[in-house]
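Structure, as structure tokens:
The values are calculated or read from the model by the stated rules, or taken from the named source; none is laboratory data. Note that this is a predicted model, so its numbers are computed, not measured. Every residue, glycine among them, receives a Cβ derived from its backbone with ideal geometry; neighbour counts consider all protein chains shown.
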Amino acid sequence: MSSKFQQVILSEIFSWFFKSGSNVPAFFILYLYCMKIIIINGPNLNLLGKRENDIYGNESFSDFLEKLQKKYANQEISYFQSNIEGEIIDKIQEVGYKYDGIILNAAAYTHTSIGIADAVRAIKTPVVEVHISNTFSREDFRHKSYISPNAKGVIVGFGLQSYELALQSFLT
Ligand code: DQA
């Protein structure tokens, strides 16, 4: 729920409470520090672990997500996947004024969807675009991204670790 600016203010408030010996419940402070991040995955990413293992690896996204959520337990990390372009646009619009960050792998729609690109441009929440594979070492049609010009940053080619790197970019 907090931007970096809010976090600085909160850390000042926290140190003031601490110095003054006030007993502010720790969970309240933790809640204020918690960032709300959503991972949005596009088409065919529900097949991770089964799909083209040489490119996308053997791990299912649910196994990976469980580990990520445990490792970053003090952050709120939610997840949405759809094979349908309009559903991805609806989700971007829904979270795009409430969340602190969106980690978006629009998969094949990256290379085709002006609708998703426009949604990313329309919202206030920063979007980090991620790809599991190095799209630039693959076919030419994967070199074009309609999303990149409107993304805060792009992380490409680190396997599922791309998602963690994107998450860290919001936390640092
Ligand atoms: C992908 C790369 C896309 O070109 C492809 O269509 C995908 C996955 C990746 O994460 O490497 O489905 O976004």
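Below are the figures for this structure:
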quantity	calculated
Residue check for D63: within 17 Å of G42 (Cα to Cα) and more than 16 Å from the ligand (Cβ to nearest atom)	no
Failed item, numbered, when T110 is tested on (1) out of contact with any His (no Cβ under 8 Å at 6 or more places or on another chain); (2) within 16 Å of the ligand (Cβ to nearest atom); (3) at pLDDT 95 or above	(1)
Selection status of V127, touching an Asp or Glu at 6+ places or on another chain (Cβ under 9 Å), surrounded by 18 or more Cβ atoms within 10 Å (Cβ to Cβ) and not hydroxyl-bearing (S, T, Y)	no
Tally of residues being closer than 24 Å to K98 by Cβ and over 12 Å from the mean Cα position of the chain (by Cα) across segment 31-52	6
